[in-house]
Every structure is written in structure tokens, then in C-alpha cells.
1. Counting DSSP beta bridges in the chain, what percent are antiparallel, to the nearest 5?
2. Take each of the peptides 418-424, 82-88, 152-158, average the number of other beta-carbon atoms within 10 Å over its residues, and list them starting from the highest.
3. Got the relative contact order for the chain handy, in percent, Cα pairs under 8 Å and 6 or more residues apart?
4. Name the long-range amide H neighbours of ALA206: under 5 Å, sequence gap of 5 or more, or other chain; modelled H, no Pro or chain starts.
5. Which of the pairs LYS33/LYS168; LYS89/LYS142; LYS89/LYS126; LYS409/LYS485 have their Cα atoms more than 28 Å apart in this structure?
6. Beyond a 24 Å Cα-Cα separation, which of these cross-linked pairs lie in this structure: LYS26/LYS64; LYS289/LYS371; LYS83/LYS136; LYS477/LYS502; LYS289/LYS390?
7. Taking Rh as the Kirkwood radius computed over C-alpha pairs, what is the Stokes-Einstein D of the range 397-512 at 4 °C in a medium of viscosity 1.567 mPa s, expressed in µm² per second?
8. Size of the chain along its principal axes in angstrom, Cα-based, largest extent first?
Amino acid sequence: MNETGVSRKPFFYDVTLRDGNQALKKPWNIKEKEIVFKALLELGVQGIEVGFAAASDMDFDAVKHLASLANDKVVVSTLARAKEYDINKAYEAIKDAKKPRIHTFIALSPFAMKYVLKKDPKDVQKIAVEMVAYAKSLLGEKGEVQFSAEHFGDSLENLDFVIETFEKVIEAGASIINLPNTVERYRVSTFVNMVKRVVERIGDKAIISVHCHNDLGQATATTVESFFAGATQLEVTLNGLGERAGNTNLYEVAVSLYNCGVPVDLNFSKIYETALLVEELSGVPICEKAPLIGRDALAHRSGIHQDGSIKTKNMKKGAYRPIDPEFIGRKGEILEFTSQSGKSAIYEILSSHKWPITIEEATYLQPVLKKKAEEKGALDFNDIVEEYKKHILNVDGPFKVLEFKELHKEDGNQFYFLKLQYNDKIIKDECVGDGPIDAFINLLNSHGFNLKLEEFAQEAFDIEQKGSSAQALTTIKLKNLNTGKSVIARGMDPDTREANIKAIVNGLNLLFREK
Ligand code: KIV
Ligand code: ZN
């Protein structure tokens, strides 16, 4: 769906190697930066701010190196304060890139100009214009200049002055105007309305960009809404790295826009592996609940959600997920059984591991597993199999109404000899039949049961799933003709005959357990 009808393509400008890097406890060296840079190329972002060339010799060298690696499909940029020294460093580092950009900035908010820069607004404006002109004079036609009004989000009171400054820096050579929410303090709509005012005034003269920090957790919303308000360049980071609570997370913005029908030129299938790579390189763990990339972000534990997710699992849109996990390079949704889970989860977890199960059997197992989960917490596949073996392959415990003792046929004898215990009564008898199962059922019927074997199948089942531990698995459908009730029952044993007997005993216990 395209709820807005916007067909403009966003320009993803990644600042992980600059804003993300400057907030790391141990900023990356050239080698590490190169790995992240290559991951960004694989993702297909349109612009990469590779560092802050004047920040340190290491960062200067890294910017220079990455600029030399860049192809002509991606803009490569470096940050510079609005100071000649920084701009010279930036130019030296970036000049060999195929598409170089210098990104210079100065604060324009009343608070920052008064208390941090300690300068008069007119002087700040003059510096901005002069430094943009200087950067442009170095780059010439080959490169672009981006200008940022640091603390734009805190500039509501002097927005006209800020926009006037933008007009002047554009005349001086800036072609990208970036609006940073340097510290997220207010509402999404306050920022977005400011973006709208800038777009109305200068949107036809420069590319408008937003750069949102996540101090209040609204950076993705602010960036997405800013796009719809007319900002084309979206500054983002991988895994939401960045100063303090980080910057807008690339994945969240990209998926939100994609879901809204906006054409997003990114290689979405690389998202998850990139996230894991960045987690490892940065030492910043991905929060378990982080949208899209958190280990728990696609897990379901409650019955209603499990049911909905199972019913829609092969569809593009899922009942309880924002995106098909495979689209971002993840495996499917995760189901875990807890005391809040339902039978669908049991069925799905076992059958996805190729264990035979019917929904009736899952219904039967549910209270048993619930009880276990109440004590233990989430149950994994192995916990569930353990109970399956106990209660499906060997119907036992309070439900046990019938116990098998023996069945044999002596050589040369046409009778089977059978002994079993039904409640407290021992039944011992001889019986005939077309094989042991038939004889077994005939004997039961002659003792007051009224049973019919409706289906029978036997297969080799590899219980450990290792290819070397096959046992016979008998599956039958047994009907109580008195009540009309049928059950599916299973028996497993290395011996094929024993597997059949177990299936019948289990079937009888299932049929009569409610009595
Ligand atoms: O957050 C910010 O204001 C910045 C600028 C340098 C763009 O990172
Ligand atoms: Zn920033």
C-alpha cells in the first residue's frame, strides 16, 4: 500500500562511521571502518559519512583510505566544523573520492549560540556562509557541500533567522541543507512542522536532509514523518549507533518507508547480517527487544499471537509481524511454549521438526506442557519432545486405564495368547486374528469392547534425527463403535510388533481416559 502516494526516492545517508563511531567506547581503526564501509556498500546506501577528518590522525587516514575505495555510485563525505582548519583537513582526506562531499556545520539555535559558541547570531551566520564558500571553492564542480544547522530542533524561536542562513549558504555553494535534531527534546510534530517550513521556503533550491537523535526514542518516527514532509536525505546509522541514545536506525526507517509503498533502493536482505556484524564490531549488544533485529523481535509466546502467526506464516503480510523475516535476511518467526501458549504452538514446533503430531494430540499435550512451563518458563523443542514421548508415545499417568501384559503365539499354534489389565481386572484369553493387531482387537471386542481399526501405518522414524537411530513408528486410527469416537494413536519401538501393540494400548488409553 502507498498510503501517501509519495513516489520520491529517499536518499539514505549513513553516519555510522562518524556519529556512530564518535560515540563508541573504542572508536574503530581503519580496518574496522573498512569492514563497516563495505557492509554499507552491500546494503546499497546512497551516501556514507566516513568520519571526521580533523578529529584525529587515525580518522584522517581512515577517511582518506575509504574515499579511495569508494565507487561512483556512492557519495563519500566527511564532517568539518565551520573552521578553515577542519575544512582543509576534510578536503585533503576526501578529495580522491569519486563523489566527494564536505559536510560542515555550526550551531544556530539561540541557546547554543549564546552559551556554547558565545557569539552573536549575525557573526555565526557570517562564519557559516564564509566556510561553505570556502569548502565549495576547494571542491569545485567535482564535489558537494552539505551544511548543517546544529541544534535545528531547538531553533523554533529563531526559525526565520535559521532559514535566512540557509538561503545564504545555498548561495555560497551548499546543495544539501541538513536539519539535525541534535538532542531530541520535543514532539515529533514540532520537528516535522519545522521541516515543512524549511521545505516550503527552500525546498526547490537544495536537498533537504534530516538527522535525528533518539534521546526520547522517537527518532525513527521523526525521520519517517520528515520524509513525508519533504526531506529527501535521511541520515541514519546501523543498529541506531550514535551519540547518547543514538541516531535514527537505518533498518527501522527503511522498513517503515517500504511498508508504506515508498520506493527504497536498499538491499533489504542484508539487514540482519549487517546488524550482527555491527554488534560484534561495536561491542554494543543489540537489545533483545530492538525492532526488527532484536533476538526476540519476531518471537511469539502467547496463544493468540502464535495462532495468528502460524495461520499467516507463508504470507507476505503476517498477522503479528511488521515484515517477512526473510525479507531482511532473518529466519522465520520464533515460537516458544509458555504457560500462555496454545495447542497451535505445540503442533507447529513439533511438526516443524518433523515429529508426527495431530492437533488433537497437541490439545491433549497442552495442559501437561502448561504445567511444566509454569514451573520452568519457556519450553524449547526438547522439553516438548520429552513430554510427547511420555504422553503420546506412552500414554501414562492418570489416564492409564489399560495395561498390556503379554501377547504371544506358540509355534504351530493358531491362537495368540493375550494378557492385559483393564482398570483392576486382569483379562487373560486366547484369540485368533489376521496377525497380532487383529487378534488383539478381536479379543478386546469379545470382552465387551466395540472397536474398529480404521487406519494403520508403520514407518521408520529417526528419533534422534541423526540418521542412525531409526525405530518403528506405528500410527493407527482406532474407533470406539459404541460412542463413535475415533483417536489417532502412535507406538514406537525398535521392534515392529511391539510398536503396533504400543499403538493399540495408547489408542485404548486415549479412547477411555475420560471415563
Ligand atoms: O547531531 C548533530 O547535530 C550532528 C551534526 C554534526 C550534523 O551530528
Ligand atoms: Zn548527530
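1. Bridges in the chain that DSSP calls antiparallel: roughly 50 percent.
2. 152-158, 82-88, 418-424
3. Relative contact order comes out at 9 percent.
4. none
5. LYS33/LYS168; LYS409/LYS485
6. The answer is LYS289/LYS371; LYS289/LYS390.
7. 88
8. Rounded to whole Å, the extents work out to 111, 41, 38 Å.
The values are calculated or read from the model by the stated rules, or taken from the named source; none is laboratory data. None of the values given here were measured: they were computed from a predicted structure. Cβ sites come from the backbone with ideal geometry, for glycine too, and all protein chains shown count toward neighbours. Heavy atoms of the whole protein, side chains included, go into the accessibility calculation; ligands, DNA and RNA do not. Shrake-Rupley method; radii C 1.70, N 1.55, O 1.52, S 1.80 Å.
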